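Remarks on the structure that follows.
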Amino acid sequence: MATKQILCVGHLVYDIRDYVNSFPQPDKSVFMRMPSQFGPGGSAANVAMNCVKLGHTAGLISNVGADMHGKFLINELRARGVDKREVKQIKSGRTGLSIILIDSQGQVMVIEDPGCVDAPRKISPKPFSNSNWVHMTGCTHSWLEQASSYAHKAGVPLSFDPGRAAARMGIEKLSRVIERVDFLVLNRKELAALSGSGSALEVKDLAREFNCTVVLKTGHGPAVVSQDGKSTYEVPPFNAKKVVDTLGAGDAFASGLICGKLEGRSTYESVKMAHACAAAKVMHAGAQGMPKKAAVKKEFSF
């Protein structure tokens, strides 16, 4: 299998993770089940690091501040094998920060300080023509417009996982971006924000309208896939033996889908690989808790 280069566009933040018995309520205290953990986070960074674990190379377009957290994150990217040349340090900026609470069921609650993650910048077209795939996550519209345009002009496959923030921009504002997308990956809440309805029926309509493949993640249920609005089918998930932490499961799913397609798998088999990556992730702590490909394959057959 030839190694492929994936370029990810979006956020890189400093994560502080606190594992608690239950989520806090007003005027109540909760206790942590283990010491706090910290490390890199942000959907684009998570996908890039996961793609490296799956045997490919990855680069990241993102912003950090010229502060202690920013320097730490750049060093982490280097250590994890992610190309950091397009990660810009904003001199007067503050690195994005997420404080994440994870309860005993593995569910998460997030407090975000965006800092300079979406600070305006001109993105260089060069890394797009040098990549085999481009993946965009939720970030400022200007970045999405630039990245989708460069990927389209370079003829590089493009996937987009809008997340909560970008989905709230709505379909009208994002239409030109989505017109360039090959794979639109989203959950029910994001689908509802884009289309006005979280119904799986909207998956086929979106795929037909924008001539792309839409993949709807449904949590514990099967993914719903429509290719160009011509067919719709479900891909059943894998069952994780335990759920430690759901943080980053969607990003693990995206990395599995991308790498599956780059390895020549059908869309169905690529979504199956995506499910395996997500199930493997929730069994481990941290946004990048997904193990390497060999361990994922050992646990789940795809």
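The values are calculated or read from the model by the stated rules, or taken from the named source; none is laboratory data. Note that the structure is a prediction, hence the values are computed from the model and not measured. Positions of Cβ are backbone-derived with ideal geometry, glycine not excepted, and every protein chain shown enters the neighbour counts.
Side notes on the structure shown:
- Residues that are under 17 Å from Gln146 (Cβ atoms) and either modelled with pLDDT under 90 or surrounded by fewer than 17 Cβ atoms within 10 Å (Cβ to Cβ) (or both) within the stretch 167-198 comprise Lys173, Ser175, Arg176, Glu179, listed in sequence order.
- Checking each residue of the stretch 198-221 against the condition of being out of contact with any helix residue (DSSP H, G or I) (no Cβ under 9 Å at 6 or more places or on another chain) and closer than 23 Å to Leu262 by Cα gives at least one match.
- When residues of the stretch 221-234 are limited to those that are buried (at least 18 other Cβ atoms within 10 Å of the Cβ) and of a type outside the set (S, T, N, Q), the one nearest to Ser199 (Cα to Cα): Val224
- Within the stretch 235-249, the set of residues being of a type outside the set (Lys, Arg) and either exposed (fewer than 15 other Cβ atoms within 10 Å of the Cβ) or without any contact (Cβ under 8 Å) to a residue 12 or more places away in the chain (or both) comprises Pro236, Asn239.
- In the stretch 196-207, the residues that are closer than 18 Å to Arg164 by Cβ reach residues that are surrounded by fewer than 18 Cβ atoms within 10 Å (Cβ to Cβ) with C-beta atoms within less than 7 angstrom, at least six apart or across chains, in these pairs: Gly198/Lys189; Gly198/Ala192.
- Ala280 being crowded, with 18+ Cβ neighbours inside 10 Å, closer than 19 Å to Gly138 by Cβ and in contact (Cβ under 8 Å) with a residue 40 or more places away in the chain: no
- The set of residues in the stretch 151-166 being assigned to a helix (DSSP H, G or I), surrounded by 16 or more Cβ atoms within 10 Å (Cβ to Cβ) and within 18 Å of the chain's Cα centre (by Cα) consists of Ala151, Gly163, Ala165, Ala166.
- Complete set of residues in the stretch 250-263 that are buried (at least 23 other Cβ atoms within 10 Å of the Cβ) and either touching a residue at least 60 places away in the same chain (Cβ under 8 Å) or within 15 Å of Gly106 (Cβ to Cβ) (or both): Gly250, Asp251, Ala252, Phe253, Ala254, Ser255, Gly256, Leu257, Ile258, Cys259, Lys261
- Apart from one condition, Ser266 fits all of (1) surrounded by fewer than 15 Cβ atoms within 10 Å (Cβ to Cβ); (2) within 30 Å of Leu101 (Cα to Cα); (3) among the polar types (S, T, N, Q); the exception is (2).
- Residues that are over 16 Å from Ala276 (Cα atoms) and basic (Lys, Arg), drawn from the stretch 203-236: Lys204, Arg208, Lys230
- Scanning the stretch 81-103 for residues that are under 22 Å from Phe253 (Cα atoms) and modelled with pLDDT of 95 or more turns up Gly81, Val82, Asp83.
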